[in-house]
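The values are calculated or read from the model by the stated rules, or taken from the named source; none is laboratory data. All of these numbers come straight from a predicted model, not from anything done at the bench. Note that each Cβ is placed from the backbone with ideal geometry, even for glycine, and that neighbours are counted across all protein chains shown.
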Amino acid sequence: MRELGPLWGVTRHGQPVVRPWGSLVSSGGQAASAPLQPTDKWHLFYEESSCSAERRFGDYVLGFQPSPLGKTMRLVILGPGRILRTRQLDSLIELSDGGSAIKASSLVYGTSKKGLRGITTVLPLAEAERVSRSNWLRMSTLGTAPKSKRTMPSAEPYFTAEFAIGSTVALSRELGKCLADLQSHWGMVDGELPNPATPPQLPLQGLIQPDDYPDDAMTANQGGTTRYMLMLDEKGSVLDCVIQETSGVASIDGMGCQVIKERAKGKPALDAAGKPIKSTYVATVTWAIVDR
């Protein structure tokens, strides 16, 4: 699981870039009964295969990572707490637009820093656009957490927090610029994937085994289909795995990416001169529990 922490990105010019946008800063303290107020600027990260933005709200960090083609967005929250294992929980996202709350599936996981946990939710385009226009957000998980491996789940909600996001107009504009640069870097034209002279070869048949089925999804009898965009380097290795269409089951989406990144081995795409180049590969994975 990758954190949306202080990452250094790489632009198409090959230089590490982190951009703090001072015009997006708003001041204010943090009150226990009020939404968390921002305590830092928005920071925009250019990476080899993604664009992301994050902002600190006291002990918490709120992050956005739109997919390269803008079809989905990862909403990431880092904050204090411990977790015994990665879990899938149902979530509710309430926004300032007065519309219906967004019901989603989230992954809750531990991070490399002790006492810090992360919550990641992948949202489809329509819901991502609602989040990007909202100046206030409340995120709640609907499950409960066990205090230890030997105790039953507690009666307290696993997580809930409110964020006073403020205006994101400038942030959305800068993320749009980053995505345009990213698409150009990967040869995407007008939002369409590149079409190299020789497409990459990435056999996925048999890659995912029955034992890979996430326990949470198995217990809840959940299945679904996820569409991924795999970003391959000049060696044919999977540099990144992006969820283009979510199954609606977070553990399934996440496990598919994890297995593909760890096990997939392919051959790179070639340009007209036969030179290996970066490329993308779209794959669809369906998970289903079959009675035998």
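Some points to look at:
- Number of the exception - residue 238 against (1) modelled with pLDDT of 90 or more; (2) farther than 30 Å from residue 42 by Cα: (2)
- Residue identified as in a strand (DSSP E or B), of a type in the set (Gly, Ala, Ser), surrounded by 17 or more Cβ atoms within 10 Å (Cβ to Cβ) and at pLDDT 95 or above among 52, 91: 52
- Residue 70 fulfils the conditions (1) in a strand (DSSP E or B); (2) modelled with pLDDT of 50 or more except for a single criterion, (1).
- Any chance residue 260 is part of a helix (DSSP H, G or I), of a type in the set (A, V, I, L, M), outside the structural domain of residue 127 (by TED's automatic domain parsing) and within 22 Å of residue 72 (Cα to Cα): yes
- Count - residues of region 231-269 that are in contact with a Gly (Cβ under 9 Å, 6 or more places away or on another chain), within 22 Å of residue 125 (Cβ to Cβ) and hydrophobic (A, V, I, L, M, F, W, C): 4
- Residue in region 143-154 that is part of a strand (DSSP E or B), charged (D, E, K, R) and either modelled with pLDDT under 90 or surrounded by 18 or more Cβ atoms within 10 Å (Cβ to Cβ) (or both) present: no
- Pairing residues of region 99-125 that are touching a residue at least 40 places away in the same chain (Cβ under 8 Å) with residues that are acidic (Asp, Glu) and buried (at least 22 other Cβ atoms within 10 Å of the Cβ), at Cβ distances under 7 Å and at least 6 apart in sequence or on separate chains, gives 122/253.
- Filtered residue count, region 94-112, keeping only those that are at pLDDT 90 or above and farther than 23 Å from residue 165 by Cα: 0
- Test: residue in region 207-216 that is crowded, with 18+ Cβ neighbours inside 10 Å, at pLDDT below 90 and farther than 26 Å from residue 265 by Cβ: yes
- With respect to the conditions (1) outside the structural domain of residue 135 (by TED's automatic domain parsing); (2) within 28 Å of residue 125 (Cβ to Cβ), residue 161 falls short on a single one, namely (1).
- When residues of region 171-201 are limited to those that are aliphatic (A, V, I, L, M) and surrounded by 12 or more Cβ atoms within 10 Å (Cβ to Cβ), the one nearest to residue 49 (Cα to Cα): 182
To keep it simple, each residue is scored yes or no on (1) in a helix (DSSP H, G or I); (2) surrounded by 14 or more Cβ atoms within 10 Å (Cβ to Cβ).
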| site | (1), (2) |
| --- | --- |
| 203 | no, no |
| 218 | yes, yes |
| 240 | no, yes |
| 285 | no, yes |
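- Residue within region 99-117 that is in contact with a helix residue (DSSP H, G or I) (Cβ under 9 Å, 6 or more places away or on another chain) and either assigned by TED's automatic domain parsing to the domain that holds residue 280 or part of a loop (DSSP other than H, G, I, E, B) (or both) present: yes
- Matching option when the condition is of a type outside the set (Val, Ile, Thr), more than 13 Å from the chain's Cα centre (by Cα) and farther than 23 Å from residue 48 by Cβ, among 250, 288, 283, 264: 288
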